[in-house]
1. Can you name the residue in the range 260-301 that is in a loop (DSSP other than H, G, I, E, B), touching a helix residue (DSSP H, G or I) at 6+ places or on another chain (Cβ under 7 Å) and in contact (Cβ under 8 Å) with a residue 40 or more places away in the chain and, of all such residues, is farthest from residue 155 (Cα to Cα)?
2. Do any strands (runs of 3 or more DSSP E) entirely within the range 1-95 hold 3 or more residues that are assigned by TED's automatic domain parsing to the domain that holds residue 106, more than 29 Å from the chain's Cα centre (by Cα) and buried (at least 18 other Cβ atoms within 10 Å of the Cβ), and if so, which?
3. Among the residues of the range 225-259 satisfying the criterion of being free of Cβ contacts under 8 Å to residues at least 24 places away in the same chain and surrounded by 14 or more Cβ atoms within 10 Å (Cβ to Cβ), which is nearest to residue 320 (Cα to Cα)?
4. For the range 302-331, which residues satisfy the criterion of being part of a strand (DSSP E or B) and under 20 Å from residue 273 (Cα atoms)?
5. Being surrounded by fewer than 20 Cβ atoms within 10 Å (Cβ to Cβ) and more than 22 Å from the chain's Cα centre (by Cα) narrows it down to one of 262, 279, so name that one.
6. List pairs: first in the range 448-461 and within 11 Å of residue 552 (Cα to Cα) and assigned by TED's automatic domain parsing to the domain that holds residue 479, second at pLDDT 95 or above and in a loop (DSSP other than H, G, I, E, B), Cβ under 8 Å, 6+ apart or cross-chain?
7. Name the residue, out of 340, 328, that is in contact with a helix residue (DSSP H, G or I) (Cβ under 8 Å, 6 or more places away or on another chain), modelled with pLDDT of 95 or more and surrounded by 24 or more Cβ atoms within 10 Å (Cβ to Cβ).
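The values are calculated or read from the model by the stated rules, or taken from the named source; none is laboratory data. Computed from a predicted structure; not experimentally measured. Positions of Cβ are backbone-derived with ideal geometry, glycine not excepted, and every protein chain shown enters the neighbour counts.
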């Protein structure tokens, strides 16, 4: 296989002795070098206080059986000190052909910048439960209603759950109201848990003047239309009874124009709340998110913003186990102001060590990670976009590619792998595995629309279930729901619409997410890419005890020799050859030899 003969290292426990190092601690690193690579010497280059230092590695004979199979590799071992909060390192390899570097970006025969170096991170580690999580996103208005449609406020446009289609664009998108509530979610927890999910993430539940509630009028209570504060406690309690967790959604970048902070600020130019926003001193106009005047932007240069928002996030811990932060990439940034990293670190520290803290970025989050703030990101750039481009329906016709004009491009497997590795190399292993790998969300087209078929949809799900990172499923995609944009994708769940339930897709979600739940290597193992061609990606997830091999094919191709015997785990025959049929996803457990 293409990459099987390359030296390898990643930040997983198979290669790094301490996944939660403290500042100043000694950490053991291993490098795996196949005999065929001809590596005769290894040094680790670690950057201490901005200056590179070199540490010689030596072969470690105790590691010959690591990964549960194969005795044709040399494992090189070295120790370094975690001198700084983030300590970058790489490997210098000596072979008969000279020297080469191994970084998180891959093997290179030329000098390259430190940007792709591996990283030891000593900031406070994320909660220990997060690497095992499978997250399920719920847009409350569209999940389930516990009773009759309530009396609706003047802004809302009542819609029939099963008869009125979602308005995708134009007037009424944020006013259409289907009446889902939090007690409705409690009614459906058997379904949620049957998917292998253990963490529910709710889009905002605060009072607002829209169905999405990102324009909160206060952060102190749950919207009565959702059942009020007591309903959130009932939902949280029901989840805890099942050993599950609950995450909220907070807008740290803005609030609604009906929010008590903003109404106080606009009512009196001398009000203390005035400093919480960006007002033009001449015109009195104010800054808002993307020019939407219903979403006034918060000024994080204000101590009142900092103390008030910190109190909000802490107030809801108890029923909540953490937060997803909306528009995290813009929080604290405006013109010459850039408080983004300072704010992320401030809020995370106030939340304490057991609360999850995930940032929304729909492009490149890497410069905002590994800074003692966000535990991870919604990984649109490093996962969603590559998967869409590889598995898109040839007849797909969308106006843009998650914001980029021109629709979704079609890219082959090599380009897909290059995108995966490019983003992963710019963040620590810790940030990668705590980031949410999503196929779609309430802000995007549905994965079924992008792929155009059940086969490619389930192939995308297979990548989500088997690659590093936290799977995040948008409610309804397990039924094969479709949608051409975020608004259109917010379809009410088809509990009473059998014609909208693709039960084969639902079974695929239960099986593939169940496989991830059952196999420790798929949650905690390292990642070694083994092969890529236009239509096929092959990789291994490895712990010290075992290796699991995954082959994803978007189209038929030539069979591939494994070089070892393998036992099928998912749609895979026992043997030593990867079949060429496709589209397909096959998973094996590699056997000792």
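1. First, pick out the residues of the range 260-301 that are in a loop (DSSP other than H, G, I, E, B): 268-271, 278, 280-285, 287, 292-295, 299-301.
Right, trim to touching a helix residue (DSSP H, G or I) at 6+ places or on another chain (Cβ under 7 Å) and you get 271, 295, 299-300.
Okay, now just the ones that are also in contact (Cβ under 8 Å) with a residue 40 or more places away in the chain, so 295, 300.
Details: 295: 16, 300: 30 Å.
It comes out as 300.
2. The strands (runs of 3 or more DSSP E) meeting that bar are 39-48, 73-81.
3. The residue in question is 229.
4. Our first condition is that a residue be part of a strand (DSSP E or B); within the range 302-331, this holds for 317, 320, 322-326.
Those that are part of a strand (DSSP E or B) and under 20 Å from residue 273 (Cα atoms): none in the range 302-331.
5. On inspection, the qualifying residue turns out to be 279.
6. What qualifies is 456/393; 456/554; 456/583; 459/554; 459/583; 460/439; 461/439.
7. On the way: 340 fails: surrounded by 24 or more Cβ atoms within 10 Å (Cβ to Cβ).
That would be 328, the only listed residue that is in contact with a helix residue (DSSP H, G or I) (Cβ under 8 Å, 6 or more places away or on another chain), modelled with pLDDT of 95 or more and surrounded by 24 or more Cβ atoms within 10 Å (Cβ to Cβ).
Per-residue answers, yes or no, for (1) in a strand (DSSP E or B); (2) under 12 Å from residue 423 (Cα atoms); (3) in contact with a strand residue (DSSP E or B) (Cβ under 7 Å, 6 or more places away or on another chain); (4) not assigned by TED's automatic domain parsing to the domain that holds residue 318:
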site: 354; (1), (2), (3), (4): no, no, no, no
site: 358; (1), (2), (3), (4): yes, no, yes, no
site: 364; (1), (2), (3), (4): no, yes, no, no
site: 371; (1), (2), (3), (4): no, no, no, no
site: 374; (1), (2), (3), (4): no, no, yes, no
site: 389; (1), (2), (3), (4): no, no, no, no
